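J.: Handing you this structure, nothing more for now.
The values are calculated or read from the model by the stated rules, or taken from the named source; none is laboratory data. Just so you know, these numbers come straight off a predicted model, no measurement behind them. With ideal geometry, Cβ positions are generated from the backbone for all residues, glycine too; neighbour counts draw on all protein chains shown.
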Ligand code: FAD
């Protein structure tokens, strides 16, 4: 240990020392375990006998401009004090949380921090969205003037963007299946490792501005204050008028306990039992049979590599125990889940390959000028509120509004309904999802929307349009999901909820629905489908 550090590694006045000072900048990687930048920084700091501190910037104005959902901001805010506690306890690192309005402020704040604390190296993990890339490039240039290094690591994917290319080696796959084959093969023939950060020898305390917090208590208070302010801003501009936002937050707080430990526990439980039967039950919304890890993956409370490694371990167990009953799952269940993790990688790789996506351009750019999308505000509002008269679509939208989460199958059904049955521009739906989802993630959300709208990579062929009534029949056979979210339909037989014709007849004769406010389906699916096909054919 250096002469200037105290016995517990604490060093309060780090400006008077000649030791180098390194900074870990946390972004969407709020964890200790398998955090690539954190591991690299801690190792290097120990080799160089450097001081270490960590920073996280809250950028509410920027987040608002990016349509970050309140549930996601709240999830980040709940995670920060837990991260700060673990960093101190396990790695001997102090975390500072600082409020900066936007990314430009962030760049300036980092320059000031570097100067005030004599920081010579910053490490962070890559972010792949346009504004984030611009911010990092601007910072790199600014820091270089003062010989400060800024090193970024690939960490968000299991295999980094641009590592899975077509066999001629210079382009990204446009279709998922060959991408997946190559991705899987690459993983099979290589060893992927998690990176563990060692505790650092020399903890430092950052000198910062007033709008920052360094003790766990202060971090907790600042986080709560930021959430409250953000909620007030959203409520004053009316975006959330149809949502009981306090109830949505309460639900998300209970359903998603914050922090790395909670995320790892969820992964362990999922791999231990729930993954069995995943291949089939993942498509039944009422079963809650998926991992629900996306909210954690997208703020980085858990590493995707860890998810992959746990799943492959389960796969190996399966082979070792072939013939006995240790696991009820089969290859298909586990492989299917691994392929979902690959979809997450795929959409990030696509975004890096085609940065125009961030400016909301269609992947198939020609569709932007050729398809005449509708912008009917009334129709869009009915969809947002879950008042379309199509039970599965309405139940899905109301579940989103109440919980901040929507099941994958229902994301496809609601997105297809908006873009095909109502012919509304996918960008409106994409934005609404970003504003509501606790797991909102630009790459996966954009990918999912463009898949549904048939404007994206590997998208659904334009003529294959999901019928929301048949989808209900297949995936909500007894109507349980619909009835949970549309209690006004609880006495209506599933056979009626699964058929547009029967619903219309029932309503016309003043049947089961007459004593509720439930509306008639706002469009006739068959006719809407024909219109959409005609529009796309043009
Ligand atoms: P699981 O079934 O347990 O899957 C495990 C993990 O694999 C997920 O946590 C997720 O990280 C990844 N994954 C699964 N399916 C997909 C997929 N189709 N595309 C990309 N990654 C996938 N996912 C988001 O994380 N954020 C979004 O904002 C988002 N928006 C979507 C919008 C639309 C229109 C559609 C069709 C899909 C969207 N998805 C999004 C993908 C998917 O719906 C969610 O990842 C999934 O529902 C999360 O639940 P889970 O964690 O229980 O998933």
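J.: If I go through region 407-416 residue by residue, how many of them are more than 7 Å from the ligand (Cβ to nearest atom) and buried (at least 22 other Cβ atoms within 10 Å of the Cβ)?
T.: Here is the first cut: in region 407-416, the residues more than 7 Å from the ligand (Cβ to nearest atom) are 409-410, 413-414, 416.
With the extra rule that they be buried (at least 22 other Cβ atoms within 10 Å of the Cβ), the set shrinks to 410, 413-414, 416.
So the count comes out to 4.
J.: Something else now. I'm told residue 502 meets every condition in (1) touching a residue at least 24 places away in the same chain (Cβ under 8 Å); (2) assigned to a helix (DSSP H, G or I); (3) in contact with a helix residue (DSSP H, G or I) (Cβ under 9 Å, 6 or more places away or on another chain); (4) more than 24 Å from residue 423 (Cβ to Cβ) except one. Can you identify the failing condition by its number?
T.: Only one criterion in (1) touching a residue at least 24 places away in the same chain (Cβ under 8 Å); (2) assigned to a helix (DSSP H, G or I); (3) in contact with a helix residue (DSSP H, G or I) (Cβ under 9 Å, 6 or more places away or on another chain); (4) more than 24 Å from residue 423 (Cβ to Cβ) is unmet by residue 502, namely (1).
J.: Quick check: anything in region 518-530 closer than 30 Å to residue 72 by Cα, surrounded by 14 or more Cβ atoms within 10 Å (Cβ to Cβ) and at pLDDT 95 or above?
T.: At the first step, the residues of region 518-530 found to be closer than 30 Å to residue 72 by Cα are none.
Looking for residues that are closer than 30 Å to residue 72 by Cα, surrounded by 14 or more Cβ atoms within 10 Å (Cβ to Cβ) and at pLDDT 95 or above, one finds none in region 518-530, hence no.
J.: Give just the number: which of (1) over 14 Å from residue 417 (Cβ atoms); (2) surrounded by 13 or more Cβ atoms within 10 Å (Cβ to Cβ) does residue 478 not satisfy?
T.: (2)
J.: Which numbered condition in (1) modelled with pLDDT of 95 or more; (2) in contact with a helix residue (DSSP H, G or I) (Cβ under 6 Å, 6 or more places away or on another chain) is the only one that residue 117 fails?
T.: Here residue 117 meets the rest and fails (2).
J.: What pairs come out if I take residues in region 401-423 that are under 13 Å from residue 438 (Cα atoms) and in contact (Cβ under 8 Å) with a residue 40 or more places away in the chain and pair them with residues that are in a loop (DSSP other than H, G, I, E, B) and more than 8 Å from the ligand (Cβ to nearest atom) whose C-beta lies under 6 Å away, six or more apart or interchain?
T.: Listed by first residue and then by second, the contacts come to 401/243; 404/438; 405/438.
J.: Related question: Within region 257-292, how many residues are over 24 Å from residue 483 (Cβ atoms), within 11 Å of the ligand (Cβ to nearest atom) and under 18 Å from the mean Cα position of the chain (by Cα)?
T.: Qualifying residue count, region 257-292: 4.
J.: Ok, one more. Take the residues in region 417-430 that are assigned to a helix (DSSP H, G or I) and farther than 19 Å from residue 365 by Cα; name whichever of them is farthest from the ligand (Cβ to nearest atom).
T.: 421
J.: Same structure, new question: Considering only helices (runs of 4 or more DSSP H) fully contained in region 1-114, which possess at least 1 residues that are modelled with pLDDT under 95?
T.: 60-65
J.: Something else now. Condition first: in a helix (DSSP H, G or I) and either closer than 19 Å to residue 313 by Cα or free of Cβ contacts under 8 Å to residues at least 24 places away in the same chain (or both). Now tell me which residues in region 143-176 satisfy that.
T.: 144, the sole residue that qualifies.
J.: Out of the residues in region 183-192 that are under 17 Å from residue 155 (Cα atoms) and in contact (Cβ under 8 Å) with a residue 60 or more places away in the chain, which is surrounded by the fewest Cβ atoms within 10 Å (Cβ to Cβ)?
T.: My answer is 192.
J.: Out of the residues in region 431-442 meeting the condition of being in a helix (DSSP H, G or I) and more than 8 Å from the ligand (Cβ to nearest atom), tell me which one is nearest to residue 388 (Cα to Cα). Give the derivation first.
T.: Just the residues of region 431-442 that are in a helix (DSSP H, G or I), to begin with: 431-436, 442.
Those left that are additionally more than 8 Å from the ligand (Cβ to nearest atom): 431-432, 435-436.
Details: 431: 19, 432: 16, 435: 20, 436: 19 Å.
Taking the candidates together, the pick is 432.
J.: Given region 197-278, what helices (runs of 4 or more DSSP H) lie entirely inside it while holding 1 or more residues that are farther than 22 Å from residue 311 by Cβ and touching a residue at least 12 places away in the same chain (Cβ under 8 Å)?
T.: 216-236, 245-255
J.: Among what's in region 41-60 and is over 19 Å from residue 108 (Cβ atoms) and out of contact with any strand residue (DSSP E or B) (no Cβ under 6 Å at 6 or more places or on another chain), pick the residue that is surrounded by the fewest Cβ atoms within 10 Å (Cβ to Cβ).
T.: Here the answer is 47.
J.: Kindly provide the set of residues from region 456-470 that are surrounded by fewer than 24 Cβ atoms within 10 Å (Cβ to Cβ) and either away from the ligand (no atom under 14 Å from the Cβ) or closer than 24 Å to residue 527 by Cβ (or both), ordered by number.
T.: Those that are surrounded by fewer than 24 Cβ atoms within 10 Å (Cβ to Cβ) and either away from the ligand (no atom under 14 Å from the Cβ) or closer than 24 Å to residue 527 by Cβ (or both): 459, 460, 461, 462, 463, 464, 465, 466, 467, 469, 470.
J.: For the structure I just gave you, tell me whether residue 393 is in a helix (DSSP H, G or I), at pLDDT 95 or above, within 19 Å of residue 527 (Cβ to Cβ) and more than 12 Å from the ligand (Cβ to nearest atom).
T.: In short, yes.
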